[in-house]
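The values are calculated or read from the model by the stated rules, or taken from the named source; none is laboratory data. Every value quoted in this text rests on a predicted model; they were computed, and no experiment measured them. Note that we place each Cβ from the backbone using ideal geometry, even for glycine, and neighbour counts take in every protein chain shown. The accessibility values were calculated without ligands, DNA or RNA, using every heavy atom of the protein model including side chains. Shrake-Rupley method; radii C 1.70, N 1.55, O 1.52, S 1.80 Å.
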Amino acid sequence: MFEQIHLKGQPLDLGHTFTCGQSFRWRVGADGVWSGVVQDTLVQLVVQGDTLLWRTFPKGNEVLVRDYLRLSDDLAGIYEQLSASDAYLGQLIERYRGMRILRQDPAEALISFVCSACNSIPRIAAAVEMLATRFGDLVCEWGRLCYHAFPRIEALASLDPDELRAWPELGFRGRHIVSVARQVLDRGRGWLAALRGLSYEHARAELLSLRCVGPKIADCVCLFALDKDEAVPADTHVRQIAQRLGFCEARSKTVTEYVYRHIAGSFSERYGELAGWAQQFFYYDDIQRGKSRSN
């Protein structure tokens, strides 16, 4: 039995939200229900009109659903502010209306984006799911499927890095996963979660102090897990978008440190504290364009 949350006119599109490259463990069934594991809970969601239908296993965790989807955000206000600053962005917001930034578990976000280095979204999703299935705690069985929590940092830190490196889905990233997990463990319980209370600059600097964590991974964690809406993760896709839109004059085909700073600065200048939201709409549109070209 599903329970209800009335959205009160605030847009929410689960398809756009769960396929825009910020989270990798959501799947939609033939009945239109989205299923994913959040922390140690299976969450199932479907939107009908102005109502979000939800259920969780274990049962009754409405607080988790609201927090993860950031339902307290004034999304209509965010959209209005972004649209007023950029007419083209306003068109994308209408096209992908209901896409919203999530509030993910920082540890899961960090390790997931370590898996993203030089990788595609389907392969990232496969790697993340494999980690959960092999090393995460069983949450429940539903519809003949077993759902596992994302592995605890302690579990990942104890793994043999060479064993992970041998997995085709991970390759060199396997050693990075173990290295980052061990460094997080060394910083003490609660270190990652505490970054949410710091400024963007301070939280980003703390993440960059980890070996194997570069600017893009740090900014992804800041944006998708730590409520730093001004963070602008820049990769090759975003570089191409920035050049196409005239946000970046540098013609480099790689994202050098200079190019990264220039792109992030350009987004910040145009969109201020919502620069990360703007970047995500442009990024998602680029993903959709790529799908259209390949079909």
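The figures follow:
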quantity	calculated
Cα principal axis extents for the stretch 70-145, largest first, Å	47, 31, 24
Accessible surface of Thr17 - all protein chains present, 1.4 Å probe, nearest 10 Å²	0
Met1, Met130, reordered so the largest accessible area comes first (probe 1.4 Å)	Met1, Met130
Taking only Cα atoms of the stretch 194-239, radius of gyration then Dmax in Å	10.0, 31
log10 of Debye I(q)/I(0), alpha-carbon scatterers only, for the stretch 22-103 at 0.17, 0.24 Å⁻¹	-0.79, -1.23
In nm, spacing of pseudo-spin labels at Gln39 and Leu53 (7 Å Cα→C-beta vector)	2.6
For the chain, Kirkwood radius (reciprocal of mean inverse C-alpha pair distance, Å)	19.8
Loop-resident sites, the stretch 191-295, for trypsin sites (Lys or Arg not before Pro), counting at most 13 other Cβ within 10 Å (DSSP)	Arg211, Arg251, Lys253
Accessible area of Ser120 in the full protein assembly, 1.4 Å probe (Å², nearest 10)	50
Reciprocal mean inverse distance between Cα atoms of the stretch 56-111 - Kirkwood radius, Å	13.2
Using a Förster distance of 30 Å, the FRET efficiency for Arg66-Leu145 (Cβ separation, nearest 0.05)	0.75
Value of Rg to Rh for the stretch 141-295 (Rh from inverse mean 1/r over Cα pairs, i.e. Kirkwood)	1.02
Along each principal axis, Cα extent of the stretch 1-149, largest first, Å	47, 41, 28
Area accessible to solvent at Ile287, 1.4 Å probe radius, in Å²	30
